[in-house]
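The values are calculated or read from the model by the stated rules, or taken from the named source; none is laboratory data. All values derive from a computational prediction rather than experimental measurement. Please note: Cβ atoms are built from the backbone with ideal geometry, for glycine as well, and neighbour counts cover all protein chains shown. Please note that ligands, DNA and RNA were not included when accessible areas were found on the heavy atoms of the full protein model with its side chains. Shrake-Rupley method; radii C 1.70, N 1.55, O 1.52, S 1.80 Å.
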Amino acid sequence: MVFIFQIYMRKLLEKSNGAGKKIASFLNIFIFVLISVIAFLFLASEVSPSDWPDTFKTDEILVKYKASSEAVSIRIDPGEDYNKTLNYYQKLPMVEYAEPDYIFQASIIPSDTYFNNQWYLQKIKATLAWNETRESPEAVIAILDSGVQIDHPDLKDNIWTNKKEIAGNGIDDDKNGFIDDVNGWDFINNLPDPAPKFKDGFTEEGILHGTIIAGIAAASGNNAAGISGVTWKAQLMPLKVLDDKGEGGSSKVIKAIDYAVANGANIINLSFVGFGYSKSLDEAIKRAYDAGVMVAAAGGNELKQGEGNNLDASPMYPVCLDGSDGENRVIGVVAVDTLDQKAPFSGFGGECIDIAAPGVSIFSTVVYSPQNYILDRPFDKYYDGYWSGTSVTVPMISASLALIESANPSLTRNEIIKVLFDSADDISRLNPNYLNNLGKGRVNLAAAVNKALDGLKNKSEKLLVAPQAGYPSLIKITNQEGKVENEFLAYDKKFKGGVNLASGDVNGDGQPEIVTAAGAGGGPHIKIFDLNGRLLGQWFAFKETFRGGVKVACADVNHDGAEEIIAVQGADGDSEVKIFNAKGQMLGSFYAYDNKFRGGLNLATGDIDGDGEMEIAIGLGAGKIPEVRVFKAIGVMQSQFLAYPKAFRGGIRVAIANIRGGTQKNRAQLITAPAGGGGPHVKFFDKKGNLLSHFFAFNSNLRSGVNIAKADSDNDGLDEIITAAGPGGAPHVRVFKANGRIVGSFYAYEESFGGGVNAGSLKVIK
């Protein structure tokens, strides 16, 4: 309507002159504004906020409880009525307010001075990725190179700090074999300062190389100075393995790789190549891979007949150190130009190369040291360009891995790499002479980040609760606020011996099943149910006459695509750990203690060391010392430690939770709680038994014990800790963040019930 009126007035103006034209012009403006206001009011009266697309999230709301200092997110599952759920929480007496989780769209243009010089950020779609995530503060990227200027203004805030080391005291405080290694290590000069040294014979490339690489990966972004890293925030661990000429031996690289693994790096950046195969270096790469670390390496710049080196014909290292067993231990990176065509100098190949990234005309951070010269030119710049080579491609991949992990911390190492590869842009048509020799394509960071986020959107995790004793075997499926979504009896309604439970995709159909085991007094009866409570299978895990109760957990320990059921005896039994498939066929077993052991065990499963293999954690039951043991599924013990004072005899409950992400640095932690008799003291340990943190789940005077589980109940990719009071306490279930902050609380059964509550989780794929 406004557009038609403007056409009419334009014609009137053309026919008018003098005063008439002024009047027509005034009327044009006045009526345009009037019609616009009327149209706006009309539309506002006809369209409600619920009609506007993408104004708020339809799968969650924000709820502020009167007893809490901040609002928490409440998930709404597909099929639930959004308005009905919102109205339900708004009317709860303990709720101060409930509101939609409104959506805001970021539009990122960094304020960094030289951002326009970084064409490659647009090419890999980093700017679009930053609308979703632009920082990866938990990621530790080890830069094995010629040294990094750690006080560079665009790098200093992102340099890794060894918090266990005290600077300058001449003592190896953390006992890692390196004195004063606060910010990394110089393996060339055996010093704690990993910066370039300007030793005699230094070259410009040798001095600058490591700082260039560090800046591409993680220069501080949007700080009104310098450049933007692919990730704006990460922990750069500088390890100097190349001298000031840019050369170094494999012995230094090996030591640095082992240092990076031992000190928590989860990404290792290798922007260098050589032709000599080193078995020792191969083994060091394998150690890093086995520890769950991601390794990225350059494809090489050696020209052969004007096209770069064919790595299939002439392998280079470390890019080709993938191992002989089919594992892809090193992410090999090829360089492409502004048109996504292979850079003329770049190596290529079907075996060693995995992905492509821009590798020409790259602008980055450089070493500032004006007192040093080369060919009468001082090192008097903080930023410079333009650099080319496969070296500069690698930090783009390292930082991309960090951002993928940041977007979805639940992803494992292998899942992160798969996301990177599967989201790459196909550039084969632009490179017909190099089909299948440039990896999966050129990295597309925006697609990778969104693919990682989709992994969160496509699942939801529920809580499972069951009575520990003194109540019919009523299993409940709830959200973190205790809203019941389904419930069913696991055993005969007369049985009140309690139910132990677990969940997992035990039949390989893509959806989890609920696995139950009878508590003390019942037979060793395992049952498998679907989400609707329909019985799918049942069998006995131990002799039918055993009445000590059975504890269960689920994990895919043999990599067959279906999770296995692990079972132990809960009391008055031996220490055999049995592994079954869904049909009740025993696939393996081992003993956690010797054959003289008589007592009970608690158990949990999870990948505690980030190597892609599921571990089995065992906590001793009541009457025994408070010991925890961690085993591989084949029965090899990895560690053992006391979780509480040795005199405590109440038994130990265990869980393994991913509270900081999936890779080596952010490996899962082992959680413990007293099963009975002690205070409600929840503790967090690493796999070696080092205490990391702790909190009290209930009032410190509670002595009923705490049953624990883990669940990503708010769907952020990190696990929450589920706690439930044991026998003698109220049927109180609480959901905690790893820092001890409560995000959910409810009574699982009638408040008068005091038989204790067992807790678990259920991961549903949408």
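With contacts defined as alpha carbon pairs under 8 Å and 6 or more residues apart, what's the relative contact order of the chain in percent?
RCO, the chain: 9 percent.
With θ taken as phi - 60° and the coefficients 6.51, -1.76 and 1.60, list the Karplus ³J(HN,Hα) couplings across segment 564-580 in order, rounded to whole Hz; mark glycine and proline as x.
Result, rounded to whole Hz: 8, 9, 9, 9, 9, 7, x, 6, 6, x, 8, 9, 6, 9, 10, 10, 10.
Would you check the accessible area of HIS694, probe 1.4 Å, heavy atoms only, in square angstrom rounded to 10?
Surface accessible to solvent at HIS694 totals approximately 110 Å².
Charges on Cβ only, +1 for Lys and Arg, -1 for Asp and Glu, centred on the Cα centroid of the chain; of ASN408, VAL330, ILE257, which one is farthest towards the dipole's positive end?
With unit charges placed on the Cβ atoms, the residue in question is ASN408.
Accessible area per residue of segment 440-505 at 1.4 Å probe, in Å²?
Working: 2280 Å² over 66 residues.
Here the per-residue accessible area is 35 Å².
Could you calculate the contour length gain from ASN436 to ASN372, that is, 0.36 nm times the residue separation minus the distance between their Cα atoms, to one decimal place in nm?
18.5 nm
Picking from ASN116, ILE150, ASN162, whose Cα lies most toward the positive end of the charge dipole for segment 110-166 (charges on Cβ: Lys, Arg +1; Asp, Glu -1)?
The listed residue farthest towards the positive side: ASN116.
Roughly what % of DSSP beta bridges within segment 350-467 run antiparallel, to the nearest 5? The partial results should precede the final answer.
Details: 7 of 8 bridges.
Close to 90 percent.
Across segment 322-334, in residue order, what do the Karplus-derived ³J(HN,Hα) couplings come to in whole Hz, using 6.51 cos²θ - 1.76 cosθ + 1.60 with θ = phi - 60° and x for Gly and Pro?
With coefficients 6.51, -1.76 and 1.60, one gets 8, x, 8, 9, x, 6, 9, 7, 10, 7, x, 10, 9 Hz.
What whole-number distance in Å separates the alpha-carbon centres of segment 622-641 and segment 536-556?
What the calculation gives is 20 Å, centre to centre.
Which order do MET94, MET237, MET614 take by accessible area at a 1.4 Å probe, largest first?
The most accessible residue leads, giving MET94, MET614, MET237.
What does the charge dipole of the chain about its Cα centre add up to, to the nearest 20 debye, if the Cβ of each Lys and Arg holds +1 and the Cβ of each Asp and Glu holds -1?
1960
Round to a whole number: what % of the accessible area of segment 424-581 belongs to carbon and sulfur, probe 1.4 Å?
Numbers: 2840 of 6180 Å².
The C+S portion of the solvent-accessible surface of segment 424-581 is 46 percent.
With Rg and the Kirkwood Rh both taken from Cα atoms, where does Rg over Rh land for the chain?
On the Cα set of the chain, Rg over Rh gives 1.05.
Past 29 Å, Cα to Cα: identify those pairs from LYS462/LYS583; LYS543/LYS763; LYS462/LYS494; LYS496/LYS688, in the order given.
LYS543/LYS763; LYS496/LYS688
What is the set of long-range amide H partners of ASN486 at a cut-off below 5 Å, with H atoms built 1.01 Å from backbone N?
Placed amide hydrogens put ILE477 under 5 Å from ASN486.
Quick one: which of LYS164/LYS240; LYS84/LYS551; LYS123/LYS381 span more than 32 angstrom between C-alpha atoms?
In this structure, LYS84/LYS551 lie more than 32 Å apart at Cα.
Determine the alpha carbon to alpha carbon distance for each of LYS418/LYS632; LYS64/LYS683; LYS91/LYS737; LYS233/LYS683; LYS624/LYS687; LYS125/LYS342 and list only those over 23 Å.
Cα-Cα > 23 Å for LYS418/LYS632; LYS64/LYS683; LYS91/LYS737; LYS233/LYS683; rest within.
Can you pull the accessible area of LYS304 for me, 1.4 Å probe, Å² to the nearest 10?
Approximately 90 Å² for this residue.
How many percent of DSSP beta bridges within the chain run antiparallel, rounded to 5?
80
Using +1 on the beta carbon of Lys and Arg, -1 on that of Asp and Glu, and nothing else charged, what's the dipole of segment 78-171 about the Cα centre, debye to 20? Walk me through the numbers on the way to the answer.
On the way: 8 positive and 14 negative charges, 26 e Å.
Result for segment 78-171 is approximately 120 debye, rounded to the nearest 20.
Report the one residue of PRO645, ILE708, PHE695 whose Cα lies farthest in the direction of the positive end of the charge dipole of segment 582-713 (charges on C-beta: Lys and Arg +1, Asp and Glu -1; origin at the Cα centre).
PRO645
What dipole magnitude, in Debye to the nearest 20, does segment 412-524 give about its Cα centre under +1 on Lys/Arg Cβ and -1 on Asp/Glu Cβ?
140
Looking at segment 285-367, send over the antiparallel percent of its DSSP beta bridges, to the nearest 5.
Bridges in segment 285-367 that DSSP calls antiparallel: roughly 10 percent.
Please compute, over every Cα-Cα pair in segment 453-559, the percentage with a separation greater than 21 angstrom.
When all Cα pairs of segment 453-559 are counted, 36 percent exceed 21 Å.
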